[in-house]
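Heads up: the structure comes next, in structure tokens.
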Amino acid sequence: MKRRHLLKYGTFAAWGYGLTACNRLPDTVRLPGRSAKQANLESTPPILDLSAPEKQTLTLGYVPDLAIAPWLMALTQGFFEQYGLEVELYPQVDQQAVEQGLLESRFDAAITSFSTPLIYQLKSPRVDLVALMQIHRHGGVFCGCQQTWADNIRSGIDYANFAEFAAAYRDYVRALPEKTFGVDHDYSTTAYLYRYWWAALGFHPDRDLELVTFAPTELRHKLQAGLIQGYCSQEPWGQEAIATDSGFIQYLSGDIWQGHPGPVITTSAGWREENPNTAKALIAATLQGCQYCQDPTNAATIGPLLASNLDLDPAALTALFSGQYFYGGDGDRPIARRDSPIWFDQGRRITAPDQANYCWQSHGLWLLTQMVRWQHFELRQYPQNARELVAAAYPPEPYGAIAPGFGLRLPPESFKSEIHFIDQRAFLPNQVASYLNQFKIRT
């Protein structure tokens, strides 16, 4: 067996519990659920007239990470119940398991990477998965092992700029006898940003490095065992590496592309067509959960509940939701920043009509450029039907029917330019060919 396979399949943690609304939470959840009448519903939209859901009991899948927080809060704060939904949540070991649950119709919907609906538009046979809304922006982290810190490589924020960090880390990586790094999914948005980062550092991610896929809960164990020298994942698995003295945060995905898309609620196009009112209710309850998570005054409630369901220490999660963020390194290192890098709702750095929960189709176009860059899914050139593909994967109507009731103004179109990349390259949706031609490191 090849070393890659030994690394990938050596250990595999299983998650198997379900979370249910209406006061049927498992014993590991210490905070009691509250009905809609008892809950603090200050985020309830003033104008939102929804018809009764076609399907009231939903089975939802997810990979354990920070994105589940709005759904947990929708359970305990009564938001699902408010919209006539009874919800069962089922954690899966990895993204592949979540996707399989969707394909087998075991899940009505699931939290997936932003890239998932687009990927299934590219598969043969094509599968019409669609994103209903985005859970949050950012949330990805690039972790290095403690030995890297001991060898005097620091977090990106400790350098004057990216060029200074790159000069130090490039020489360090070139001297490593093993250049093996972990990813939580081969084709997640975070993994594509990890590739982007490596290429900006001067490394071809497939030729100069070995990228190995692990379940998110396994990554820090592989780091601690010395099987990988770093990894990318969603939070809180970066904070877990810090808490267990396994590693430190080198870069945030939001530093690679400020404003990049995060996880989305994904379902099948057929399910959405059969259950339009249910889809709207799910979006409304989730959006209230996102607003709840964005408010730092709720951190003391969110942190312990999320920690109990992820089997983590609540201190770091409570700090994160209160707006404090740790980069790790030395045990007594102070907090590095006091504004959360993860945007669940409007976010401090988002200017209307942009918003954290809106799915920009232009973000899908950017993902297509990276799939072409690395020749994933047999893409040798940018697809001529790119806009058709992203329109199918990220239809604006489901979220667009709910957002105005929350006072959120929708963009006039679903395409915009992106300028906040770490290498200073601007992405213009109407100039894709010239954008792709800028990259010297590509497959």
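The values are calculated or read from the model by the stated rules, or taken from the named source; none is laboratory data. Computed from a prediction, not measured in an experiment: that's the story for all the values here. Cβ atoms come from the backbone with ideal geometry, glycine included; neighbour counts cover every protein chain shown. Areas reflect the complete protein model, heavy atoms only, side chains present, ligands, DNA and RNA absent. Shrake-Rupley method; radii C 1.70, N 1.55, O 1.52, S 1.80 Å.
Of all residues in the stretch 193-212, count the ones that are touching a strand residue (DSSP E or B) at 6+ places or on another chain (Cβ under 7 Å) and open to solvent by 30 Å² or more (accessible area, probe 1.4 Å). Can you show your working first?
Within the stretch 193-212, the subset touching a strand residue (DSSP E or B) at 6+ places or on another chain (Cβ under 7 Å) is 193-194, 197, 205, 209-212.
Among the residues that remain, those that are also open to solvent by 30 Å² or more (accessible area, probe 1.4 Å) are: 210.
So the answer is 1.
So in the stretch 381-413, with the set limited to residues that are in a loop (DSSP other than H, G, I, E, B) and among the hydroxyl-bearing types (Ser, Thr, Tyr), which one is surrounded by the most Cβ atoms within 10 Å (Cβ to Cβ)? Spell out how you get there, then give the answer.
Applying the first criterion (in a loop (DSSP other than H, G, I, E, B)) to the stretch 381-413 yields 381-385, 394-396, 401-402, 407-413.
Those left that are additionally among the hydroxyl-bearing types (Ser, Thr, Tyr): 382, 394.
Numbers: Tyr382: 16, Tyr394: 28.
Filtering the stretch 381-413 for residues that are in a loop (DSSP other than H, G, I, E, B) and among the hydroxyl-bearing types (Ser, Thr, Tyr), the one surrounded by the most Cβ atoms within 10 Å (Cβ to Cβ) comes out as Tyr394.
Of the residues in the stretch 429-443, how many are assigned to a loop (DSSP other than H, G, I, E, B) and free of Cβ contacts under 8 Å to residues at least 60 places away in the same chain? Before you say what the answer is, go through the steps one by one.
The initial filter retains those residues of the stretch 429-443 that are assigned to a loop (DSSP other than H, G, I, E, B), namely 429-431, 438-443.
Checking the rest, the ones that are also free of Cβ contacts under 8 Å to residues at least 60 places away in the same chain come to 430-431, 438, 440.
So the answer is 4.
Taken together, the residues in the stretch 281-315 that are assigned to a helix (DSSP H, G or I) and out of contact with any helix residue (DSSP H, G or I) (no Cβ under 7 Å at 6 or more places or on another chain) amount to 10. Restricting attention to the stretch 267-280, the residues that are of a type in the set (Ser, Thr, Tyr) and in a helix (DSSP H, G or I) total 1.
Specify which of the listed residues (Ile153, Ile68) is among the aliphatic types (A, V, I, L, M) and farther than 30 Å from Leu50 by Cα. Ile153 is the lone residue from the list that is among the aliphatic types (A, V, I, L, M) and farther than 30 Å from Leu50 by Cα. Looking across the stretch 240-266, the residues that are farther than 20 Å from Asp186 by Cβ, part of a helix (DSSP H, G or I) and either at pLDDT 95 or above or open to solvent by less than 10 Å² (accessible area, probe 1.4 Å) (or both) come down to Ala241, Gly254, Asp255. Restricting attention to the stretch 185-192, does a residue exist that is aromatic (Phe, Trp, Tyr), open to solvent by 20 Å² or more (accessible area, probe 1.4 Å), within 21 Å of Glu99 (Cα to Cα) and under 14 Å from the mean Cα position of the chain (by Cα)? Looking for residues that are aromatic (Phe, Trp, Tyr), open to solvent by 20 Å² or more (accessible area, probe 1.4 Å), within 21 Å of Glu99 (Cα to Cα) and under 14 Å from the mean Cα position of the chain (by Cα), one finds at least one in the stretch 185-192, hence yes. Pairs only if they're at least six apart or on different chains, beta carbon under 7 angstrom, first in the stretch 48-72 and assigned to a strand (DSSP E or B) and open to solvent by 10 Å² or more (accessible area, probe 1.4 Å), second hydroxyl-bearing (Ser, Thr, Tyr) and modelled with pLDDT of 95 or more; list them, first residue then second. What qualifies is Thr59/Tyr90. Modelled with pLDDT under 90 and either surrounded by fewer than 16 Cβ atoms within 10 Å (Cβ to Cβ) or within 30 Å of Asp206 (Cα to Cα) (or both): is that true of Arg337 in this structure? So Arg337 fits the description; yes. Here Thr278 does not qualify as β-branched (Val, Ile, Thr) and surrounded by fewer than 24 Cβ atoms within 10 Å (Cβ to Cβ).
Restrict the check to the stretch 172-181 and report whether at least one residue is of a type outside the set (A, V, I, L, M) and closer than 30 Å to Ala284 by Cα. No - not one qualifying residue is present in the stretch 172-181.
I'd like the full set of residues that are more than 21 Å from Gly61 (Cβ to Cβ) and in contact (Cβ under 8 Å) with a residue 24 or more places away in the chain, limited to the stretch 278-298.
If we filter the stretch 278-298 for residues that are more than 21 Å from Gly61 (Cβ to Cβ), which is where we start, we get 291-292, 294-298.
Answer for the stretch 278-298, where residues must be more than 21 Å from Gly61 (Cβ to Cβ) and in contact (Cβ under 8 Å) with a residue 24 or more places away in the chain: Gln291, Tyr292, Gln294, Pro296, Asn298.
The residue that is farthest from the chain's Cα centre (by Cα), counting only those in the stretch 346-377 that are modelled with pLDDT under 95 and more than 17 Å from Pro396 (Cα to Cα), is Thr351.
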